[in-house]
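The values are calculated or read from the model by the stated rules, or taken from the named source; none is laboratory data. Model, not experiment: these values are computed from the prediction. Every residue, glycine as well, gets a Cβ built from its backbone with ideal geometry; the counts of neighbours run over all protein chains shown. Only protein heavy atoms, including side chains, enter the accessible area calculation; ligands, DNA and RNA are left aside. Shrake-Rupley method; radii C 1.70, N 1.55, O 1.52, S 1.80 Å.
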Amino acid sequence: MDKKTIIGLVLMVAVFVGFSFYQGHQAEEYNKWKKEQAEVELALKQKQAEERKAEEAKEAAMTEEERHQRDSLEAARRLNAELYTYGEQLLAARNAEAKICTIENEVLKVDFATRGGKIENVTLKDYTRYSDGERTELVEMLQPATARFDMALKTESGAKSSTAEYVFDYAVEEGEESTTLKMTLAVSADAYLRYIYTIYETGNPSRDYLIDFTVEEHNMSKYLDRANAMDIAWGNRSNMNERSFQMENMATTIAYWEAEDDEMEDLAQDGELERVDGVDWIALKQQYFTSAFISAEPVNAAMAFSTSTAEGKDFLKEFDTVISIPVTGAEAYRFAFYYGPNDFKILNNVEFDGEKTNLDEIIPMGGTLIGWINRIFTIPIFHWLKDHGVNFGIIILILTILVKLIILPLTYKSYMSTAKMRAVRPELEELNKKYPNPDDAMKKQQATMELYQKAGISPMGGCLPMLIQMPILWAMFRFFPASIELRGQSFLWVKDLSSYDSVLDLPFNIPFYGDHVSLFALLMTVALFGYSFITYKQQSAATAGQPGAGMMKFMMVYFMPLMMLFFFNSYSSGLCYYYFLSQMFTMVIMWAIRRSVDDEKVRAKLLAAKANPKKKSKFQLRYEELMRQQEEMMRQQEKAKGGKRR
């Protein structure tokens, strides 16, 4: 063993021994400190026990008169402290007895709480929610225990307070088509805050679901938490109303309308706090119902919601917003609440302050590029058939037939493109034999394009029609889960077309699938498998021999239908039913076209076209030039590599 090794071992042993000694010393110090702390705590407990005994002895020695005098002095001290903090008017409002005032019209029952002067609950008379697997209860838009609507205030002493602490005086005024509730909070002898709620009964749902709300303030500047703004906290827990927790939770969020950009935005699903200036309205949006605060003038807002709760709870998310209303010196500030369904026919006609509110934008139609299909085509037809008493299952059937008739020319064109590709398969096989070397891929591609050009085949002929159909398919995908008209509507074995149709409840949960079996999702999957299999067989002539053909078959025929089964098992049964019908009609149409098209005649026409090729288009000429340049570039790169190797 050399000298350096010995020195290293000695140093290691020294460090180890030193650390062990230090650790032992620290442990001894810690135990000593712990013992001292225990002694201090014991002494403190003994002292507190002695003080309690002394207080009890003193209490026992006091006469009844002395106790009464002591309690009176304590009550007077508390009263003086409260008078100093709140002032006489607010203190009286703080200690007053709270009541609930209920006002109804044909579509709403609204409970107002005098403590806080707020809407405590809203019941929708025309809609029911799930309870124990059945639609047995009316939809309630708020949970009274969590409903918040309070304005930040300051008391006489400058202490922070809020309207939630005080009981408002109230008076009800009946009109011919409306009922007005005035709730007043006297802050001092010459200052008050007044909330005026007006509920209408006109027979027009777009008007009757809207509650006008006016804030009047008189000499309130020194009592506001901020002299230049009224800050109102508005929040609530959203009740779970639908059968599918996953779908309803995903659709539940906060949406708002930006006045400057004139467009709707919504919070990301993480629900993080977001601050926005210049907002016309804020909506606490659920899958089929919305609570919205609408302002006549743009307001500023801070918005957030809690993350999703665990499945099985009675609510989905908890909303929190702080609405900042600039104080302009006006006598009254005008707002409105919308508590009602996400019904396009209703929301599209909701107006406030003489203008459309654009609340219909909260219904997911598919965006600007796709939404027009639902607005112009799907919804008018849907409502026209509904108004004529047609069963909703039959409406979906009719809608499917109409969509298939509209895209029939595209379907035919797509099939004919596939038929042409099958017709030139012998020529394609010859090209495969002529260019077996992967290095000749460019030459093979050029020859293939030349063959297509001579035969009059468009390489995009099969894909383009399908791409054109995608907006319609996406529009239907967005329409059915958002269509409130399907709620509670039955068809065949389905009790509710807006929810999944469970024909078998599983005693366990399958990841990404669920704890139930949806029959329409199964039927849709079988139909999709059949369509994919037929489509692959038709296209196999063009893809035979190409790399990855086996993987493409697996993905297209087997994996895609299975993935759709998992994805759609908890989706709206109305949507699964539509996709099932769509696939079935497509297969029937493809079969009919197949029977009417003679492949030999198609090949004869292509050969004739090949003998008399059309003049190349500018696109084909540019494409061929691009291919030639790319091939030349690759040749130069190979030449350069060869020179370096030498």
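Could you order 258, 272 by accessible surface area, starting with the largest, using a probe radius of 1.4 Å?
The residues order as 272, 258, largest area first.
For residue 254, tell me the accessible area in Å² from a 1.4 Å probe, rounded to the nearest 10.
0
How charged is the neighbourhood of residue 184? Take every other residue with its Cβ under 9 Å from the Cβ of residue 184, and add Lys/Arg as +1 and Asp/Glu as -1.
0
Let me check something: with ligands and nucleic acids excluded, how do 50, 41, 248, 263 order by accessible area (1.4 Å probe), largest to smallest?
Correct descending sequence by accessible area is 50, 41, 263, 248.
Just in segment 109-179: which GluC sites (Glu not before Pro) are loop by DSSP and have at most 14 other Cβ atoms within 10 Å?
Those satisfying the criteria are 176, 177.
For residue 225, what residues show an amide H to amide H distance below 5 Å, using hydrogens built from the backbone and excluding near sequence neighbours?
For residue 225, the qualifying residues are 153, 154, 231.
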